[in-house]
């Protein structure tokens, strides 16, 4: 398999909506906690939460290692503003954390780190064969890299997203620009076994696994609300006005067919994720 193309998403201004992202906070928290649980037997001096978003997990990392220096890093100033605001409004006796703007595509620790942790961020970043070895090189001896990434590109909700973008207008015409459609067609992850090989060449210990969550979502058009906080963001930013509304109308209909509400009014949304842990 060839490395995923350099992402054309870099050319698109994807603005994150912290409140929309947090609508399904409990579902997004579960894989983050399961990844954190794998970080046992480590007493780091420095911890980085890469792609920290609104900072909830950053503060949990700080609570787990209260003696460590804990930093949240994100490329979205909107997310960081929310993170800093929540930290200010929180318990004054809680662990201190810092939040900083950073480009995950080129980021490396300014000094050897004990833990590099990333929950649901690096699927937005291209060139994984370069990125993850560089992160491993940022670790102190005995340090660990722990990463979780959604495996959503091939699931029905995201296939339908691309199909509607490409053929959804009247007469089978596309929505948006060619650059937007190319960006959405980029497959973000390598095959799972390739991550094992990549990490094992640079680490003393590797653990890698996949999990599928059968998420039970509340509310009308729940899957649309879920993807509106994550995978649909480039389309929501790349389309405007009537074109965006027409896309959403067509896509909403497809999602209702793919994920019908159950008798109790809830929606089942299977969602697969890739986890890996590597220790140097």
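The values are calculated or read from the model by the stated rules, or taken from the named source; none is laboratory data. Only a predicted model underlies this, so the values are computations on that prediction, with no experimental measurement involved. Cβ coordinates were reconstructed from backbone atoms using ideal geometry, including for glycine residues, and neighbour counts include every protein chain displayed.
Mind checking which pairs have a first residue in segment 181-209 that is without any contact (Cβ under 8 Å) to a residue 24 or more places away in the chain and a second that is surrounded by fewer than 18 Cβ atoms within 10 Å (Cβ to Cβ) and in a loop (DSSP other than H, G, I, E, B), Cβ under 7 Å, 6 or more apart or different chains?
181/174
Here is a yes/no grid of residues against (1) crowded, with 18+ Cβ neighbours inside 10 Å; (2) over 22 Å from residue 54 (Cα atoms):
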site: 233; (1), (2): yes, no
site: 237; (1), (2): no, no
site: 252; (1), (2): no, yes
site: 255; (1), (2): yes, yes
site: 262; (1), (2): no, yes
site: 270; (1), (2): no, yes
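Name every residue in segment 232-279 that is assigned to a loop (DSSP other than H, G, I, E, B) and either in contact with a helix residue (DSSP H, G or I) (Cβ under 9 Å, 6 or more places away or on another chain) or closer than 15 Å to residue 160 by Cα (or both), in order of residue number.
Quick first cut of segment 232-279, residues assigned to a loop (DSSP other than H, G, I, E, B) only: 232, 239-240, 259-266.
Scanning segment 232-279 gives 232, 239, 259, 260, 261, 266.
What residue, among those in segment 156-182 that are farther than 12 Å from residue 255 by Cα and in contact with a strand residue (DSSP E or B) (Cβ under 8 Å, 6 or more places away or on another chain), is surrounded by the most Cβ atoms within 10 Å (Cβ to Cβ)?
Only one residue tops the list, namely 175.
All but one of (1) modelled with pLDDT of 90 or more; (2) surrounded by fewer than 16 Cβ atoms within 10 Å (Cβ to Cβ); (3) under 22 Å from the mean Cα position of the chain (by Cα) hold for residue 59, so report the exception by its number.
Only one criterion is unmet by residue 59, namely (2).
Name the pairs: first residue in segment 154-174 and touching a residue at least 12 places away in the same chain (Cβ under 8 Å), second residue assigned to a helix (DSSP H, G or I) and surrounded by fewer than 16 Cβ atoms within 10 Å (Cβ to Cβ), Cβ to Cβ under 7 Å, at least 6 apart or on different chains?
Hits for this filter: 156/258; 157/258; 160/258; 162/185.
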